[in-house]
Amino acid sequence: MLLQQYEVGPYQNFTYLVAEAEGGEGVVIDPSFGIDPVLRGVDDLRVKVRYVLNTHSHPDHVAGNREVKERTGAKVVAHKVAPLNQDVSVDAGSRFDSGRLRFDVLHTPGHTPDSVLYLFEGHVATGDTLWGLAQQYLGDPL
(Lines give C-alpha, C1' and ligand atoms only; values in the text may rest on other atoms or scores of the structure.)
Protein backbone atom coordinates (compact mmCIF):
# COMPACT_ATOMS: atom_id res chain seq x y z
CA MET A 1 0.00 0.00 0.00
CA LEU A 2 1.10 3.55 -0.77
CA LEU A 3 0.39 6.24 1.85
CA GLN A 4 1.66 9.78 1.31
CA GLN A 5 1.07 12.69 3.72
CA TYR A 6 1.19 16.28 2.44
CA GLU A 7 1.17 19.38 4.62
CA VAL A 8 -0.58 22.00 2.49
CA GLY A 9 -2.26 25.37 2.61
CA PRO A 10 -2.08 28.32 4.97
CA TYR A 11 -3.41 26.24 7.90
CA GLN A 12 -0.82 23.50 7.32
CA ASN A 13 -3.49 20.83 6.95
CA PHE A 14 -2.62 17.24 6.21
CA THR A 15 -3.96 15.83 2.96
CA TYR A 16 -3.36 12.17 2.17
CA LEU A 17 -2.84 10.20 -1.01
CA VAL A 18 -3.60 6.51 -0.46
CA ALA A 19 -3.29 3.87 -3.18
CA GLU A 20 -2.95 0.13 -3.51
CA ALA A 21 0.48 0.73 -5.09
CA GLU A 22 2.29 3.07 -7.44
CA GLY A 23 0.24 3.10 -10.66
CA GLY A 24 -2.78 1.64 -8.86
CA GLU A 25 -6.18 2.88 -7.78
CA GLY A 26 -6.48 5.18 -4.80
CA VAL A 27 -8.04 8.10 -2.97
CA VAL A 28 -7.22 11.60 -1.81
CA ILE A 29 -8.31 12.35 1.77
CA ASP A 30 -9.19 15.88 2.91
CA PRO A 31 -7.86 17.97 0.00
CA SER A 32 -7.10 21.35 1.53
CA PHE A 33 -6.06 24.70 0.09
CA GLY A 34 -2.87 24.58 -2.00
CA ILE A 35 -3.55 21.12 -3.42
CA ASP A 36 -0.86 21.32 -6.16
CA PRO A 37 1.76 19.19 -4.31
CA VAL A 38 -0.79 16.40 -3.93
CA LEU A 39 -1.74 16.57 -7.61
CA ARG A 40 1.96 16.39 -8.53
CA GLY A 41 2.19 13.29 -6.33
CA VAL A 42 -0.81 11.77 -8.12
CA ASP A 43 0.92 12.37 -11.45
CA ASP A 44 4.40 11.27 -10.34
CA LEU A 45 3.08 8.06 -8.76
CA ARG A 46 0.57 7.48 -11.59
CA VAL A 47 -2.28 6.94 -9.11
CA LYS A 48 -5.75 6.51 -10.56
CA VAL A 49 -7.74 8.52 -7.99
CA ARG A 50 -11.24 7.05 -7.72
CA TYR A 51 -12.50 8.95 -4.66
CA VAL A 52 -11.99 12.18 -2.74
CA LEU A 53 -12.77 11.35 0.89
CA ASN A 54 -13.90 14.17 3.18
CA THR A 55 -13.72 13.59 6.94
CA HIS A 56 -15.91 16.67 7.48
CA SER A 57 -17.09 19.74 5.63
CA HIS A 58 -14.91 22.55 7.01
CA PRO A 59 -13.31 24.57 4.18
CA ASP A 60 -9.75 23.66 5.20
CA HIS A 61 -10.60 19.98 4.54
CA VAL A 62 -12.59 20.33 1.31
CA ALA A 63 -11.08 23.32 -0.51
CA GLY A 64 -9.36 21.07 -3.06
CA ASN A 65 -12.37 18.84 -3.81
CA ARG A 66 -13.27 20.47 -7.10
CA GLU A 67 -9.71 20.61 -8.38
CA VAL A 68 -8.99 16.96 -7.58
CA LYS A 69 -12.32 15.89 -9.09
CA GLU A 70 -11.77 17.90 -12.28
CA ARG A 71 -8.19 16.67 -12.67
CA THR A 72 -8.82 12.97 -11.94
CA GLY A 73 -12.53 12.27 -12.44
CA ALA A 74 -12.77 11.07 -8.83
CA LYS A 75 -16.09 10.96 -6.98
CA VAL A 76 -16.43 13.13 -3.87
CA VAL A 77 -17.42 11.16 -0.75
CA ALA A 78 -18.86 12.74 2.42
CA HIS A 79 -21.35 12.01 5.16
CA LYS A 80 -24.96 12.24 4.05
CA VAL A 81 -25.62 15.41 6.10
CA ALA A 82 -22.51 17.24 4.85
CA PRO A 83 -23.41 20.51 3.12
CA LEU A 84 -21.24 19.58 0.13
CA ASN A 85 -21.73 18.57 -3.47
CA GLN A 86 -20.85 14.94 -2.88
CA ASP A 87 -21.23 12.19 -5.45
CA VAL A 88 -21.33 9.45 -2.80
CA SER A 89 -23.10 9.95 0.53
CA VAL A 90 -22.00 7.71 3.40
CA ASP A 91 -23.12 6.97 6.94
CA ALA A 92 -22.03 4.73 9.79
CA GLY A 93 -21.34 1.25 8.45
CA SER A 94 -20.83 2.31 4.84
CA ARG A 95 -18.09 0.42 3.01
CA PHE A 96 -16.51 0.89 -0.39
CA ASP A 97 -13.45 -0.23 -2.33
CA SER A 98 -10.83 1.47 -4.44
CA GLY A 99 -8.95 -1.26 -6.21
CA ARG A 100 -7.84 -3.73 -3.55
CA LEU A 101 -8.27 -1.18 -0.74
CA ARG A 102 -11.38 -1.38 1.42
CA PHE A 103 -12.65 1.65 3.34
CA ASP A 104 -15.07 1.39 6.27
CA VAL A 105 -16.89 4.48 7.57
CA LEU A 106 -17.57 5.40 11.19
CA HIS A 107 -19.83 8.38 11.85
CA THR A 108 -18.25 10.51 14.61
CA PRO A 109 -20.37 13.65 15.08
CA GLY A 110 -18.92 16.14 17.51
CA HIS A 111 -16.41 18.39 15.79
CA THR A 112 -19.09 18.72 13.10
CA PRO A 113 -22.37 16.82 12.61
CA ASP A 114 -20.93 15.28 9.43
CA SER A 115 -17.58 14.09 10.84
CA VAL A 116 -16.54 10.58 9.83
CA LEU A 117 -13.52 8.32 10.16
CA TYR A 118 -12.26 6.18 7.29
CA LEU A 119 -10.71 2.87 8.37
CA PHE A 120 -8.44 1.13 5.85
CA GLU A 121 -5.63 -1.43 5.96
CA GLY A 122 -4.94 -0.93 9.68
CA HIS A 123 -5.01 2.87 9.35
CA VAL A 124 -7.59 5.49 10.21
CA ALA A 125 -8.16 8.92 8.68
CA THR A 126 -9.54 11.06 11.50
CA GLY A 127 -9.68 14.59 10.10
CA ASP A 128 -10.30 16.86 13.09
CA THR A 129 -12.10 14.29 15.24
CA LEU A 130 -9.31 14.08 17.82
CA TRP A 131 -8.88 17.85 17.83
CA GLY A 132 -12.63 18.19 18.36
CA LEU A 133 -12.51 15.79 21.33
CA ALA A 134 -9.62 17.75 22.84
CA GLN A 135 -11.66 20.95 22.51
CA GLN A 136 -14.69 19.31 24.08
CA TYR A 137 -12.88 17.84 27.08
CA LEU A 138 -9.84 20.07 27.55
CA GLY A 139 -10.96 23.43 26.18
CA ASP A 140 -9.33 25.04 23.17
CA PRO A 141 -5.97 23.20 22.78
CA LEU A 142 -4.48 26.07 20.77
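The table that follows gives values for the structure above.
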{"item": "Label point distance in nm, Phe14-Glu121, each placed 7 Å from Cα along Cα→Cβ", "result": "1.6"}
{"item": "Most fluctuating residue given options His107, His123, His56, as computed from a GNM of the chain linking Cα atoms under 10 Å", "result": "His123"}
{"item": "Cleavage-rule hits (trypsin sites (Lys or Arg not before Pro)) in the range 1-96: DSSP loop, at most 12 neighbouring Cβ within 10 angstrom", "result": "Arg46"}
{"item": "The range 12-129 - percent of accessible surface contributed by carbon and sulfur, probe 1.4 Å", "result": "46"}
{"item": "Per residue solvent-accessible surface (Å²) - the range 1-121, probe of 1.4 Å", "result": "47"}
{"item": "Calculated [θ] (222 nm, deg cm²/dmol) that DSSP helices of n ≥ 4 give over the chain, each run adding -39,500 (n - 2.57)", "result": "-6000 deg cm²/dmol"}
{"item": "Within a Gaussian network of the chain (alpha carbon springs, distance under 10 Å), most fluctuating of Asp36, Asp128, Asp44", "result": "Asp44"}
{"item": "Listed residue (Gly122, Val81, Thr112) projecting farthest to the positive dipole end of the range 35-128, Cβ model", "result": "Gly122"}
{"item": "Within the chain: Cβ-based charge dipole about Cα centre, in debye rounded to nearest 20 (Lys, Arg +1; Asp, Glu -1)", "result": "360"}
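The values are calculated or read from the model by the stated rules, or taken from the named source; none is laboratory data. All of these numbers come straight from a predicted model, not from anything done at the bench. In this analysis, Cβ positions are derived from the backbone assuming ideal geometry, glycine residues included, and neighbour counts consider all displayed protein chains. Quick note on the areas: whole protein, heavy atoms, side chains included, nothing else; ligands and nucleic acids left out. Shrake-Rupley method; radii C 1.70, N 1.55, O 1.52, S 1.80 Å.
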